[in-house]
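The values are calculated or read from the model by the stated rules, or taken from the named source; none is laboratory data. If you're wondering where the values come from, they're calculated on a predicted model, not measured in any experiment. As a convention, Cβ positions derive from the backbone with ideal geometry for all residues, glycine included, and neighbour counts pool all protein chains shown.
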Amino acid sequence: MSESEYLKLKQSAETLNMSVPAFVKKKAQGARLVAPKLDQTTRQSVAKDLSMLGANANQIAKYCNQHQHEAPNYEALERNISELRERLNDIWERI
């Protein structure tokens, strides 16, 4: 294998966050490897943002459960849910 062929393999493997041996093994096994549509920094940012939204959704659910036998603050609840939807739409547009 020439150095240029190895560099091409290495670049392909790095794109998929794999080592060269793991990449070659998967290709030899006939696996169809698809490159991610987003770069690593963007994927990490989206994952972090989704995690924060999940935490906020859990807080809303906890509030609803704690106030199920009394009248919750519907205005604040609606505002928080609307904000959650807007932030989710922003993330969706990034991807």
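Aliphatic (A, V, I, L, M) and in contact with a helix residue (DSSP H, G or I) (Cβ under 6 Å, 6 or more places away or on another chain): is that true of V34 in this structure? Can you show your working first?
Working: aliphatic (A, V, I, L, M): yes; in contact with a helix residue (DSSP H, G or I) (Cβ under 6 Å, 6 or more places away or on another chain): no.
Against the criterion (aliphatic (A, V, I, L, M) and in contact with a helix residue (DSSP H, G or I) (Cβ under 6 Å, 6 or more places away or on another chain)), V34 does not qualify.
How many of the residues in the range 1-48 are of a type in the set (A, V, I, L, M, F, W, C) and surrounded by 12 or more Cβ atoms within 10 Å (Cβ to Cβ)?
Looking only at the range 1-48, we keep the residues that are of a type in the set (A, V, I, L, M, F, W, C), and these are 1, 7, 9, 13, 16, 18, 20, 22-24, 28, 31, 33-35, 38, 46-47.
So of that shortlist, the ones also surrounded by 12 or more Cβ atoms within 10 Å (Cβ to Cβ) come out as 9, 13, 16, 18, 20, 22-24, 33, 38, 46.
Within the range 1-48, residues that are of a type in the set (A, V, I, L, M, F, W, C) and surrounded by 12 or more Cβ atoms within 10 Å (Cβ to Cβ) number 11.
When you check A61 against the structure, is it more than 30 Å from M1 (Cα to Cα), surrounded by 11 or more Cβ atoms within 10 Å (Cβ to Cβ), modelled with pLDDT of 90 or more and out of contact with any Pro (no Cβ under 6 Å at 6 or more places or on another chain), yes or no?
Numbers: more than 30 Å from M1 (Cα to Cα): yes; surrounded by 11 or more Cβ atoms within 10 Å (Cβ to Cβ): no; modelled with pLDDT of 90 or more: yes; out of contact with any Pro (no Cβ under 6 Å at 6 or more places or on another chain): yes.
Answer is no for this residue.
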